[in-house]
């Protein structure tokens, strides 16, 4: 169960990323912020690889591994692009839980197809039933978010499509890392993956000329973005490290890291003046129920 430790480390790193992302908010466009952040993540991943002495691993990667790393790099760029498009169109109270629930649901569906024995602890009947109920609970939370007008007051349904595309892309990234790149050092994967993302974001910034907005990012914002990038890089490395264990249950890893959203949401409801507390409580209950059931299904 050593992989659980790395999952919790990823959880704490994810929380740090969330905090510094909020502190580093500025007037630049999402594309400009994504380009700057991806650049900083590349630096952070390089330094992590350098610290672990894994830079030379790049020379020993097989052509197949390079191809899969290229695929997850492109998928990550797609994820980021549609993620930022969606967040601009949606209501934050709807967007945050929707993305968390949809990533968990879609990735768990994929893992149940390709790693059935792991997520159901050998495919026992009770485990399969619990896992299926957990998926239904996650799907129920997604439907509740989209249809509930108090949580999702916007009339622009396009954000749901964009957020779903982002979630699908990220779910496939997780699947590929677990199934195809489990034997590659996680910091090496993250470094190459984010290098591809940075190149794609940079080209998009040059084409749209949004790079000019970089003047709106103050040195203080740059520090916050860099701090968030470090935590983002650590989240990726720790998650991929947890996936690398042959006996690791990917659903459990993803669910532990997703606790970041649950903790922040509960704090918002109980300690801050959050709107729509009842509706958000229902969403969190459905998400938590799905998470717990899927974890139990992989353990008992």
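The values are calculated or read from the model by the stated rules, or taken from the named source; none is laboratory data. Computed from a predicted model, the values in this text were never measured in an experiment. Cβ: placed from backbone, ideal geometry, glycine included. Neighbour counts: every protein chain shown.
Pairs meeting the criteria (first residue in the stretch 133-144 and touching a residue at least 24 places away in the same chain (Cβ under 8 Å), second residue in a helix (DSSP H, G or I) and surrounded by fewer than 19 Cβ atoms within 10 Å (Cβ to Cβ), beta carbons under 6 Å, at least 6 apart or on different chains) are 137/289. For residue 231, the test of being closer than 30 Å to residue 121 by Cα, assigned to a helix (DSSP H, G or I), within 17 Å of the chain's Cα centre (by Cα) and modelled with pLDDT of 85 or more is failed.
For beta carbons closer than 7 Å, sequence separation of 6+ or different chains, a first residue in the stretch 107-124 that is touching a residue at least 40 places away in the same chain (Cβ under 8 Å) and a second that is not in a helix (DSSP H, G or I), the qualifying pairs are 118/249; 118/298; 119/249; 119/298; 120/298; 121/298; 121/299; 121/300. Across the stretch 21-36, a minimum of one residue is classified as over 23 Å from residue 208 (Cβ atoms) and at pLDDT below 90.
Residues considered: 188, 184, 173. Of these, the only one that is under 18 Å from residue 70 (Cβ atoms), within 20 Å of the chain's Cα centre (by Cα), part of a helix (DSSP H, G or I) and modelled with pLDDT under 95 is 188. Only one entry of 110, 75 meets the criterion of being under 22 Å from residue 205 (Cα atoms) and out of contact with any strand residue (DSSP E or B) (no Cβ under 8 Å at 6 or more places or on another chain), and that entry is 75.
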